[in-house]
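Asks: Once you've had a glance at the structure underneath, I'll fire off some questions.
The values are calculated or read from the model by the stated rules, or taken from the named source; none is laboratory data. Quick caveat, the model's predicted, so the values are computed rather than measured. Cβ placement follows ideal geometry from the backbone for every residue including glycine, while neighbour counts extend to all protein chains displayed.
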Ligand SMILES: Nc1nc2c(ncn2[C@H]2C[C@H](O)[C@@H](COP(=O)(O)OP(=O)(O)OP(=O)(O)O)O2)c(=O)[nH]1
Ligand SMILES: Nc1nc2c(ncn2[C@H]2C[C@H](O)[C@@H](COP(=O)(O)OP(=O)(O)OP(=O)(O)O)O2)c(=O)[nH]1
Ligand SMILES: Nc1nc2c(ncn2[C@H]2C[C@H](O)[C@@H](COP(=O)(O)OP(=O)(O)OP(=O)(O)O)O2)c(=O)[nH]1
Ligand SMILES: Nc1nc2c(ncn2[C@H]2C[C@H](O)[C@@H](COP(=O)(O)OP(=O)(O)OP(=O)(O)O)O2)c(=O)[nH]1
Ligand SMILES: O=P(O)(O)OP(=O)(O)OP(=O)(O)O
Ligand SMILES: O=P(O)(O)OP(=O)(O)OP(=O)(O)O
Ligand SMILES: O=P(O)(O)OP(=O)(O)OP(=O)(O)O
Ligand SMILES: O=P(O)(O)OP(=O)(O)OP(=O)(O)O
Ligand SMILES: [Mg+2]
Ligand SMILES: [Mg+2]
Ligand SMILES: [Mg+2]
Ligand SMILES: [Mg+2]
Ligand SMILES: [Mg+2]
Ligand SMILES: [Mg+2]
Ligand SMILES: [Mg+2]
Ligand SMILES: [Mg+2]
Ligand SMILES: [Mg+2]
Ligand SMILES: [Mg+2]
Ligand SMILES: [Mg+2]
Ligand SMILES: [Mg+2]
């Protein structure tokens, strides 16, 4: 029709080739959302479990995702460097991911929150960020995990002071102002007899999702059973995802799972 | 932390100022989705109603939307030219819209489909398109509504031939190949005693959502009661949205609702 | 060859359709360049003449330019809204314009500076800016012309105080700090017997280049000789450009030259 | 002023961090330009020399360039990965480079073409291309040098057939259609007693510009005099550039000049 010319106003937004594509989604106004839905403070296992469930749905649908990392109201999905999904169109990738995440979060809500009904539909923003090198990508993931740690340590102290010492939020904030990590560890230990490092890894490290095959690879190799986990045997890659709460800042994780970043596995 | 530098790899993606911002969302693989969920063919009132419900949720949340238009598995949201939402960042706008749409679709599913359960979480893509002039914007909306008409006329014929004449899909397609609109109208009338123009406007025109205030403006003016629907009285603008199935290709609609495109109403 | 894949790393950068495309070029470090080449202060007629000559070369080569405006070490080229040059690729447009400007500036240097030799090759930056509406475009041009006026008034005072009253640059700057336009006009009049408005329009208004046909249009129309300056007679449009130093902030200029912004003249 | 809002229509266009930034410039319509100026066919030493001179001017001005490669009417400038020039704004970088190249080409024309006067100012386009990995960058440069070789072999045959065998251009083209490289080598040898590999490297390999320091590094190291060519001694890096006609496809060049791609030398 004579109206079709308007299609030309659409623009293409391809991601630069040979870069890791990260899609990070983050809950919109989850300060309010978690309040309205009576999330436990500072960590609600139901909420975190539901986030992970939604992220697993994304991983099941998008086989190009090699790893996902989540904490608080956010999740990051790492698409491998050679990924050709939607011709690498940024809008297509991020909107498909975020909408699937949002609908999964909503669909699976009752399985995690039982009688606590969902009061209104949640929204998430999403963005695409490109990382040219493996080091950049690892630093990105380290940035998010360090953020998890810092916030969790602070929030743990904050809510202990409020919930168990009866401080007002303002007083609690004042008490923590200027404290170092070591101060907060000490505070937890001396005042609440809590060894921070014994708190659940879920809270301290967040959630790492990788492919079953990548998770198994190490032990298989060790038992000398590992043969030919290779690009040519992509079919061997199992669908789904494995849930970990590992440290991904240090190099141990990456040494144990060398296949995650190995581009050979994703074709050129 | 030493990892924070990775934040700099994020890029800004502002929409050009003084342009209409259109966000169009479209169901991912709804060919399959509608099949799995036994949608009526060619139009399922429940499905269309649910799409509209989700779009209304978006309009309730994003007051900058002046009009939305939907048909089939898609919806377009028009943000006014001076809209400052998220500093006009394209990614922020489209991902918030599409994720809210997806979670609303999922949350309200049971209200429309009752015992027909949602089998898996639906995804939608989204894109931002900019239109510099009012004419460009109207041509965009005309393009979508013309698309609705063309598809609906075709699909109505196609399924009548299949459902009532027992043609196979392939035969039905063959029968319709090369036919003009007039041929299809004639076919419906002669073979099925259907006057296409009497079919529900919902199917033929799709769904137009506007603001209550914009919908009322005309009659108020006519009854001489209209006083000062103006930018300075934004508070008068009611939340929510009014559902229409009007023709938006001709100029009548725009003459009757002059406030929709009037930039004065949205600040400079 | 096996290296050709690298071509895919190139990205397209089309300008949004139906927008005015402005290319503004600006001399790199012309503070130093004008010093080294002993430009007259605050305005050097040779320098301004050479800039105009280079801009005319650009207009001769790029027929899609409908108007150019220059002042100081900068020039803006306005490409009409429907311009299809290089498929509206921004990089192609700005680099061709700026390199042609730079080589023209260099080639024609001796014609303007005679025995004053060019000491080193000058560079210019360039940028593309899009304006959706005619008002936006006119405001852009007004912004540049107002900038010309403000700088010229200031510089005229500054150099008078230095050159004729023997103030040091620092003293001159101090003397002018916080003065209004009216103060500066008054200063020129009372101290130097200069009526600012009598200074050359070249200095006060900058340089406007339009097409011969657009320049003639008005008088022709008035003498009733104007017949059919229309899109269908593009051949009538003469090449080259006419040099004016008109005010382009007020509406008079635009009323007198209605063809400049008229999109009908450039095809749809 | 009230017009300043138009500045907001400008957009930022930063290059993704940690990528090699390549600016490639290419002569506009040099088919005609070389004809008009009676360039020798297929290679004109004056023209190639002038291109190199202009490229050296660019390298002298932009210390972030680590290597430049030129052939025919094009030159590529490689900015190192950590380059912060103009905040990595693509438009700023490419327009400054291309305009300086164009004005240098024009300014130095007489030194290379003597009495052959420049008939009109030349233009060049420019583009920015990003390469995430060293391999991508090397493949880019290999692509350009392979292009040089292929064109030069073809053009050498083509013009020999025209100039020495009296074929028309059409006949010459016909004669070469479908020939392999080996066929062309054989043709040159059997018909013109030319050993292609003995033709000047300038024609066969194009021109490589590197920094004096990078050129020296190897021999210094070998003589054991190399101490601390490091980021902290940037001052050691000499300005200017060294002209080579080396093969840059094989690894030998890169092994001999390991400093060119070494990011440590350019700060993080
Ligand atoms: N009580 C509780 N709150 C949580 C939990 N996980 C996340 N939140 C809350 C804490 C923060 O207020 C919020 C996440 O912070 P954000 O920086 O994402 O801010 P918010 O989502 O409010 O705003 P935004 O729209 O992202 O700018 O979610 C949880 O497990 N329990
Ligand atoms: N039966 C039925 N099908 C519908 C209805 N509305 C939409 N659909 C189906 C018909 C089309 O197959 C599909 C929409 O076409 P699209 O071009 O958007 O394709 P689809 O969503 O399959 O793929 P996509 O991921 O958008 O490329 O949705 C409805 O009311 N009833
Ligand atoms: N003496 C003299 N100087 C002029 C004339 N026209 C321009 N200039 C100088 C005055 C300013 O220092 C300079 C233009 O200012 P800009 O803001 O463009 O700065 P500049 O080019 O130095 O740096 P840039 O590379 O553009 O950031 O050119 C002239 O006619 N005579
Ligand atoms: N005779 C002669 N011609 C040369 C020499 N170097 C380059 N050329 C010519 C051969 C080609 O026609 C032309 C370069 O080809 P391009 O693909 O860049 O095409 P051209 O510049 O004509 O058009 P463009 O504006 O780049 O699309 O320049 C030379 O040394 N001698
Ligand atoms: O999805 P289509 O086929 O209607 O056409 P499109 O939406 O323009 O294509 P894409 O979804 O790939 O942008
Ligand atoms: O949302 P914040 O405050 O964590 O920081 P951000 O996500 O970088 O900000 P924005 O959501 O506005 O991009
Ligand atoms: O100019 P060509 O034909 O060598 O190919 P290109 O440079 O990729 O084309 P364009 O100049 O249009 O980008
Ligand atoms: O160059 P200025 O200072 O007039 O301002 P600008 O041109 O907007 O700055 P930039 O040249 O850095 O884009
Ligand atoms: Mg945020
Ligand atoms: Mg949030
Ligand atoms: Mg968050
Ligand atoms: Mg589509
Ligand atoms: Mg669809
Ligand atoms: Mg659709
Ligand atoms: Mg500037
Ligand atoms: Mg300047
Ligand atoms: Mg300037
Ligand atoms: Mg080209
Ligand atoms: Mg060329
Ligand atoms: Mg070329």
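Asks: Against the definition (under 30 Å from residue D:189 (Cα atoms), more than 16 Å from ligand 11 (Cβ to nearest atom) and in a helix (DSSP H, G or I)), how does residue D:144 come out, yes or no?
Replies: yes
Asks: On to the next question. Quick one: is residue C:108 within 14 Å of chain D (Cβ to nearest Cβ), surrounded by fewer than 23 Cβ atoms within 10 Å (Cβ to Cβ), closer than 27 Å to residue D:13 by Cα and in contact with a helix residue (DSSP H, G or I) (Cβ under 8 Å, 6 or more places away or on another chain)?
Replies: Values: within 14 Å of chain D (Cβ to nearest Cβ): yes; surrounded by fewer than 23 Cβ atoms within 10 Å (Cβ to Cβ): yes; closer than 27 Å to residue D:13 by Cα: no; in contact with a helix residue (DSSP H, G or I) (Cβ under 8 Å, 6 or more places away or on another chain): yes.
In short, no.
Asks: Assuming residue B:50 fulfils every condition listed in (1) within 13 Å of ligand 14 (Cβ to nearest atom); (2) touching a residue at least 12 places away in the same chain (Cβ under 8 Å); (3) within 13 Å of another protein chain (Cβ to nearest Cβ); (4) farther than 21 Å from residue B:248 by Cβ apart from one, which condition is it?
Replies: Of the numbered conditions (1) within 13 Å of ligand 14 (Cβ to nearest atom); (2) touching a residue at least 12 places away in the same chain (Cβ under 8 Å); (3) within 13 Å of another protein chain (Cβ to nearest Cβ); (4) farther than 21 Å from residue B:248 by Cβ, the odd one out for residue B:50 is (1).
Asks: Still on this structure: Before we move on, is residue B:138 more than 16 Å from ligand 5 (Cβ to nearest atom), closer than 22 Å to residue C:131 by Cβ and either assigned to a helix (DSSP H, G or I) or facing another protein chain (nearest Cβ under 8 Å) (or both)? Working first, answer last.
Replies: On the way: more than 16 Å from ligand 5 (Cβ to nearest atom): yes; closer than 22 Å to residue C:131 by Cβ: yes; either assigned to a helix (DSSP H, G or I) or facing another protein chain (nearest Cβ under 8 Å) (or both): yes.
Yes, satisfied.
Asks: Follow-up question, since we're still on this one. Condition (residue is modelled with pLDDT under 95 and either more than 16 Å from ligand 2 (Cβ to nearest atom) or more than 17 Å from the chain's Cα centre (by Cα) (or both)) applied to segment C:24-46: is it met by at least one residue? Reasoning before the result, please.
Replies: Residues of segment C:24-46 that are modelled with pLDDT under 95, as a first pass: none.
Within segment C:24-46 (the criterion being modelled with pLDDT under 95 and either more than 16 Å from ligand 2 (Cβ to nearest atom) or more than 17 Å from the chain's Cα centre (by Cα) (or both)), the answer is no, since none of the residues qualifies.
Asks: Could you say which residue among A:195, A:152 is touching a helix residue (DSSP H, G or I) at 6+ places or on another chain (Cβ under 7 Å) and either more than 30 Å from residue A:32 (Cβ to Cβ) or within 14 Å of chain D (Cβ to nearest Cβ) (or both)? Full working, then the answer.
Replies: Numbers: A:152 fails: either more than 30 Å from residue A:32 (Cβ to Cβ) or within 14 Å of chain D (Cβ to nearest Cβ) (or both).
Just a single option satisfies the conditions, and that option is A:195.
Asks: Going by what's in this entry, would residue A:110 be described as free of Cβ contacts under 8 Å to residues at least 12 places away in the same chain and within 17 Å of residue A:42 (Cα to Cα)? Let's see the steps before the verdict.
Replies: Numbers: free of Cβ contacts under 8 Å to residues at least 12 places away in the same chain: yes; within 17 Å of residue A:42 (Cα to Cα): no.
Judged against the criteria, residue A:110 is not a match.
Asks: Could you look through segment A:15-35, keep only residues that are in contact with a strand residue (DSSP E or B) (Cβ under 6 Å, 6 or more places away or on another chain) and over 13 Å from residue A:75 (Cα atoms), and pick out the one that is farthest from ligand 7 (Cβ to nearest atom)?
Replies: A:20
Asks: Name the residue, out of D:87, D:96, that is within 16 Å of ligand 8 (Cβ to nearest atom), in contact (Cβ under 8 Å) with a residue 40 or more places away in the chain and away from chain A (no Cβ under 14 Å). Spell out the reasoning first.
Replies: Numbers: D:96 fails: in contact (Cβ under 8 Å) with a residue 40 or more places away in the chain.
Only one candidate passes the filter, namely D:87.
Asks: Kindly indicate whether any position in segment C:12-30 is in contact with a helix residue (DSSP H, G or I) (Cβ under 8 Å, 6 or more places away or on another chain), in contact (Cβ under 8 Å) with a residue 24 or more places away in the chain and away from every other protein chain (no Cβ under 11 Å).
Replies: The answer is yes; a qualifying residue exists.
Asks: Taking residue B:3 and the conditions (1) over 22 Å from residue B:114 (Cα atoms); (2) more than 11 Å from every other protein chain (Cβ to nearest Cβ); (3) without any contact (Cβ under 8 Å) to a residue 60 or more places away in the chain, which numbered condition does it fall short on, given that it satisfies the others?
Replies: With (1) over 22 Å from residue B:114 (Cα atoms); (2) more than 11 Å from every other protein chain (Cβ to nearest Cβ); (3) without any contact (Cβ under 8 Å) to a residue 60 or more places away in the chain applied to residue B:3, the lone miss is (2).
Asks: Kindly check whether there is at least one residue in segment A:80-88 that is away from ligand 14 (no atom under 16 Å from the Cβ) and under 11 Å from the mean Cα position of the chain (by Cα). Walk me through it before giving the result.
Replies: Filtering segment A:80-88 for residues away from ligand 14 (no atom under 16 Å from the Cβ) gives A:80-85, A:87-88.
Then keep just the ones that are under 11 Å from the mean Cα position of the chain (by Cα); that gives none.
Within segment A:80-88, none of the residues are away from ligand 14 (no atom under 16 Å from the Cβ) and under 11 Å from the mean Cα position of the chain (by Cα).
Asks: Of all residues in segment D:117-135 being away from chain A (no Cβ under 14 Å) and buried (at least 21 other Cβ atoms within 10 Å of the Cβ), which is farthest from the chain's Cα centre (by Cα)?
Replies: D:121
Asks: Considering every residue within segment C:189-205, establish whether at least one is closer than 30 Å to residue C:57 by Cβ and either assigned to a loop (DSSP other than H, G, I, E, B) or modelled with pLDDT under 95 (or both). It would help to see each step written out before you state the result.
Replies: Filtering segment C:189-205 down to residues closer than 30 Å to residue C:57 by Cβ leaves C:199-205.
Narrowing further to those that are either assigned to a loop (DSSP other than H, G, I, E, B) or modelled with pLDDT under 95 (or both): C:199-200.
Scanning segment C:189-205, I find at least one residue that is closer than 30 Å to residue C:57 by Cβ and either assigned to a loop (DSSP other than H, G, I, E, B) or modelled with pLDDT under 95 (or both), so the answer is yes.
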